[in-house]
């Protein structure tokens with residue numbers, strides 16, 4: 001891998017860390033980056049300068065993430081689920097309480113719901129790690 005490919009791979013990793021984790025989206029953004037670089041190189045810039053100018057023109061990874069959030073709403077991530085956990089526990093508990101007046105039944109309803117939520121949290125964590133490792 002040459003130096004440019006290494007820089008682009010690093011740029012893609014930054015986008016992944018910012019939450020842009022769709023391979024198709026990353027490929028499209030890379031295509032735009034390469035087009036911008038080509039334009040700067042035609043204007044007489046070196047490859048390194050063209051890369052830096054193209055990245056700055058496209059915006060930071062955080063800026064791009066915020067634009068994607070505006071376009072398609074907030075995406076579901078592991079961090080979101082972990083942050084929402086305490087609210088989910090209350091909601092799931094209230095769901096169990098309103099399901100039945102018996103304590104044993106309430107617990108028997110709440111436990112599987114909570115376990116399912118935790119499984120979803122771990123699956124999201126695993127998927128995000130897998131996407132990050134694919135990008136590396």
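Label sites at residue 57 and residue 105, each approximated as a point 7 angstrom past Cα along Cα to Cβ, lie 6.6 nm apart. Between helix 3-18 and the chain there is an angle of about 30 degrees, using the helix long axis and the longest principal axis of the Cα atoms. Helix 78-99 and the long axis of the chain differ in direction by around 20°, with both axes built from C-alpha atoms. At q = 0.15, 0.17, 0.18, 0.30 Å⁻¹ the log10 of I(q)/I(0) for the stretch 78-135 amounts to -0.51, -0.60, -0.64, -1.11, computed by Debye summation with a single uniform scatterer per C-alpha, solvent ignored.
Using 0.36 nm per residue, how much length does the chain from residue 13 to residue 84 gain when fully extended, once their Cα-Cα distance is taken away? Write down the numbers at each step before the final one.
Numbers: separation 71, 0.36 × 71 = 25.56 nm, distance 2.58 nm.
So the extension gain works out to 23.0 nm.
For the stretch 105-119, backbone nitrogen atoms closer than 20 Å to the point 7 Å from residue 76 Cα along Cα-to-C-beta are found at 110-119. Between helix 61-72 and the chain there is an angle of about 60 degrees, using the helix long axis and the longest principal axis of the Cα atoms. Stretched out straight at 0.36 nm per residue, the stretch from residue 126 to residue 2 would grow longer than its current Cα-Cα span by 41.6 nm.
Once the Kirkwood radius over Cα pairs is known for the stretch 3-72, the Stokes-Einstein relation at 25 °C and 0.890 mPa s delivers a diffusion coefficient of 199 µm²/s.
Determine, for each peptide in 6-12, 101-107, 78-84, the mean count of other beta carbons within 10 angstrom over its residues, then list the peptides with the highest first.
6-12, 78-84, 101-107
With all pairs of different alpha carbon atoms counted, what Kirkwood hydrodynamic radius in Å does the chain show?
Working: mean 1/r = 0.0560 Å⁻¹.
That comes to 17.9 Å for the chain.
For the chain, the 222 nm mean residue ellipticity estimated from helices alone, with every DSSP H stretch of n ≥ 4 adding -39500 (n - 2.57) and the total spread over all residues, rounds to -29000 deg cm²/dmol.
Values in this text are rule-based calculations from the coordinates and carry no lab data. Fair warning: this is a prediction, and the values are worked out from it, not measured in the lab. No Cβ is skipped: glycine too gets one built from the backbone with ideal geometry, and neighbour counts run over all protein chains shown.
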